[in-house]
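Beneath this line is the structure, given in structure tokens, with notes to follow.
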Amino acid sequence: MDSECMSLLPGVCEVMADSGRALLDDTSLEKLLDWFTGLTQAGGSLLKACPCLLEFISAVVSNASSDPGVPSFTLKLTGLLAASEDGFKTLQEASVLRVVFSIRHWREAGLWEDPCLRIGWIQGLKNLLQHPEALSFFVKSEFIKPLLQLQTDPSLFVASATNQTLAHILLFFQPVSPAGCNGVDDKDNGRAPTSVYSDVVVAISEHLKRCLVPGANAASVQTLELLALLLARSSPPLRDALLQAVADALEQLATAGCSRLTLPLVDVVLAARSCGADERFPDRRFDRLLSSMLNADDPSDLIHAAAACLRSGLRNPPHASQAVRILLLPLELASGQVLLEADDDDDARRRRLSITEHLRRKASCIATVCVCLTNLQQITLMPADFLPCAPGLTVGAVLSLLKVCSGVPSSAGEAGRNVIGSVKVQKRALEALTALTALGGGADDNGDVFAVLLRYLDNPDSDPAVLHKSYQAFIKWTAVLTDSSSITEQLRADLVGVVRKRVCDARWEVRDSTVEFLGQLADVRVPPNAAEEACGSPEALLGGFCTAPLIGEALQDVESYVRASAVSAMVRTLERGWQQGAALSQRETETARRLLDILSQDPEGFSRRAVVRYFTAWFSSCSSSSRPPLLTECVQIVLRQGSADADWEVKVHALELAELLLDDAFPGHAGSSEPRRTAPHPYGVTSDLARTPHAHAGAPVGGGEPGVARAMNRLVERGVFSALLSGLVDCDRPVGLKACRLLIRLRDAVCPLLPGQPDASKVTCKLPAGGWGQEIRRTLGTKRSFGAEDSDGVPAGVPELLTSLDLDERLDVLTRSSDHVHNSPLSLLQDILSTRVAHTRPGTDAGQEVIVDCY
């Protein structure tokens, strides 16, 4: 522990123990406990290093504060100190432990009724119970009974903390060898820890059995949650003991029809099965329990139990098949499509009647159908022998449901009428339809899929979210086409009409989804028919209709989200041409100029970020030999404006563009994340640099300026150094971090080459007289000028900057949390001590707040 912290700790303990003072920052105690926890985990004894802690505990116990926060903290701290055997012994000898954890003591102090104090007691015990002596103390002190009572505490926080502590006791101390608990033999009390632990197991098991009774819903829910946790994590001896104790009670609950208990009970059953408990359980009660869950009388419980079984990955054939049938039945009833064979037993007929009646109520119908749709992909990916119908029929049922939702007449009956116009069902059905493309199509007629989707896209009443999901489904189903035969001329005409209409929709969300859709089309390739060539999705779906003008118009949309989407869509539509080195069209040239206007004038950051990403994508898509002069011109403008933008994300994106230029100038070096090299650099020979061509035009092919100097000068001319230096001193940490890393990578690439490149040492860039230029000079800590100042700024040697800015030290600071300077343990202790100043300062008003900076 830091010596300065050690010197402050006694005063902090005095402030906390003073019953007349309340700490103004409620979180400071938790932060102090976190610090103590870290010190304990690092090793050593806190009690030996800080004897004032024992005095503090005694003071709090003997003079209990009216504010329960400090006693609660004291309970947790005591448990933490007693977590080691030495600390436990010290506290025992000081006669502290029994008093600190005495419930009677805190009742008499009038604090036990506060949930904060009870949580402190529970968590203190959990901290304490880390060794056999602590378990023996726990049992001898008869703490098990009050702890079990707190499992049904009115406070959910207390009840949850109790469950965690009970689970900790059973799991931490469960025997792992015949020698005893955790391999430890008899202790001086004459009882082996194994027998002590056995008493705890019996007490907790009996408590669980008592709570698992029909009607005791609150207690049963907490108990089932604890039981599921224990069964999932316990080893066979403990797991089997728990199962033997609660099996009868679980069976009674399963047949009692308590709706609130259905899901937690299913979790218990599945936790037991997942651990293989059923293989050792002689009467296979859990098979019967699962069957009981999947034959529940309440339709809602039945649906949720079936869904829970599938989510758990259950692959037991009878139960998995039954769960699938349960979940497909509401889809069949609501869509009017037959998915299940005729009911051939009484249970199946009863289930159908029950669910049919359940779907007559609109709210329950919509909720139930949505649960089924959410689990549909899971169903169709199950083994074929678990399924009652072919996957293609499931796709057809979803399409029929979508038709029913949009008002198409059907034979679905009352369930079908309840889902008409339901946005919730439409969204879930479209999500399911999108997910079902994993089947490789799966529909008997993909044309029917597109027809249904077009109906939604063309419907003026469609919700914006429904339209968005329709576009996504359209893209996904286009991507799984095996050929273009499903795309008819009528489909093309209808889609063009929809796109023309929706791109002008009054709702910006719809315009945004439409522009995004047009961009996504460019990424999809549609396989050809026998007599056709492969073509892009825009050509296949839209024919000769050109989407570029629509996207271009969206660049001027009044909504920034739409403008940003338009920029991203423009990238997707042009990227293939960039990669192929196609000549710029007049439209592309005008688009580039318009995007620069957006970067300099758009008030919203979304659009400006998209513009920088556009030019980054353009630059990275082109080979060095095919980059048009317009791109070089635009990149310099983007770097200059982007690095000075008010939005930190724009600045980070501008630095990503600068990174591409670094890679271009020094291929193989600027991208390296390795530490600085001491060995000769592979490009260290001057003649090689001057004569060797590089694919990315980093060094000149021959003659003129040496390669390193020319590459550095090009970076200066393009504004890369200015962008990196301004980013280095930026107030936004992500910007500074990115710039610092790039400068280090550049330094490691350039500096080893300088001895053989004297001209490179003379490369300069100009620092502005004010702003970031002044900050750079202040960072260097020098008053001298790098050269004569002119109207454009102060010239500075680039190599000198790279080696003088202490970049490694700056990177170390930037990679640490921004809290590391002020939010230290020392600062925390000083903040707590500041409350004493508030109480002792003459003239301080009662209740006057003290500003603290606790982390």
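The values are calculated or read from the model by the stated rules, or taken from the named source; none is laboratory data. What you see is a predicted model, and the numbers here were worked out from it, not measured in a lab. Neighbour counts are summed over all protein chains in view; Cβ atoms, including those assigned to glycine, are modelled from backbone coordinates with ideal geometry. Quick note on the areas: whole protein, heavy atoms, side chains included, nothing else; ligands and nucleic acids left out. Shrake-Rupley method; radii C 1.70, N 1.55, O 1.52, S 1.80 Å.
Quick notes on this one:
- The listed residue being modelled with pLDDT under 90, buried (at least 22 other Cβ atoms within 10 Å of the Cβ) and within 24 Å of LEU148 (Cβ to Cβ), out of SER220, SER234: SER220
- Filtering segment 728-741 to residues that are crowded, with 23+ Cβ neighbours inside 10 Å and among the aliphatic types (A, V, I, L, M) leaves LEU728, VAL735, ALA739.
- Residues located in segment 52-66, provided they are under 43 Å from the mean Cα position of the chain (by Cα) and at pLDDT below 90: ALA64, SER65, SER66
- The single condition among (1) closer than 18 Å to LEU117 by Cβ; (2) in a helix (DSSP H, G or I) that ALA64 does not meet is (2).
- Qualifying residue in segment 288-301 (condition: in a helix (DSSP H, G or I), closer than 19 Å to GLY413 by Cα and not hydroxyl-bearing (Ser, Thr, Tyr)): yes
- Sole exception among (1) at pLDDT below 90; (2) farther than 15 Å from PRO71 by Cβ; (3) among the polar types (S, T, N, Q) for SER19, by number: (2)
- Note on segment 494-518: residues that are surrounded by fewer than 20 Cβ atoms within 10 Å (Cβ to Cβ) and either under 16 Å from ASN459 (Cα atoms) or of a type outside the set (A, V, I, L, M, F, W, C) (or both) total 10.
- If you filter segment 374-394 down to residues that are of a type in the set (A, V, I, L, M) and open to solvent by 20 Å² or more (accessible area, probe 1.4 Å), you find that the one that is nearest to LEU310 (Cα to Cα) is LEU381.
- Against the criterion of being of a type in the set (A, V, I, L, M), open to solvent by 10 Å² or more (accessible area, probe 1.4 Å) and under 41 Å from the mean Cα position of the chain (by Cα), LEU715 does not qualify.
- Failed item in (1) part of a helix (DSSP H, G or I); (2) open to solvent by 30 Å² or more (accessible area, probe 1.4 Å); (3) at pLDDT 90 or above, with LEU725 passing the rest: (2)
- Contacts under 6 angstrom Cβ, first residue in segment 8-36 being open to solvent by 30 Å² or more (accessible area, probe 1.4 Å), partner at pLDDT 90 or above and among the hydrophobic types (A, V, I, L, M, F, W, C), 6 or more apart: PRO10/CYS52
- Here VAL398, VAL371, VAL404, VAL338 are screened, and the one residue that is assigned to a helix (DSSP H, G or I) and either open to solvent by 20 Å² or more (accessible area, probe 1.4 Å) or farther than 19 Å from ARG417 by Cα (or both) is VAL371.
- Residue match in segment 439-451 (condition: polar (S, T, N, Q), buried (at least 16 other Cβ atoms within 10 Å of the Cβ) and closer than 26 Å to VAL498 by Cα): yes
- Of all residues in segment 407-416, those satisfying the criterion of being in a helix (DSSP H, G or I) and surrounded by fewer than 21 Cβ atoms within 10 Å (Cβ to Cβ) are GLY413, GLU414.
- Any chance SER354 is of a type in the set (Ser, Thr, Tyr) and either at positive phi or within 39 Å of the chain's Cα centre (by Cα) (or both): no
Yes/no matrix, rows are residues, columns are (1) modelled with pLDDT of 95 or more; (2) in a loop (DSSP other than H, G, I, E, B); (3) not hydrophobic (A, V, I, L, M, F, W, C):
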| residue | (1), (2), (3) |
| --- | --- |
| LEU491 | no, no, no |
| ASP494 | no, no, yes |
| GLY497 | no, no, yes |
| ARG511 | yes, no, yes |
| ASP523 | no, yes, yes |
| ALA530 | no, yes, no |
| LEU541 | no, no, no |
| PRO549 | no, no, yes |
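- For segment 805-824, a tally of residues being modelled with pLDDT of 85 or more and surrounded by 15 or more Cβ atoms within 10 Å (Cβ to Cβ) returns 6.
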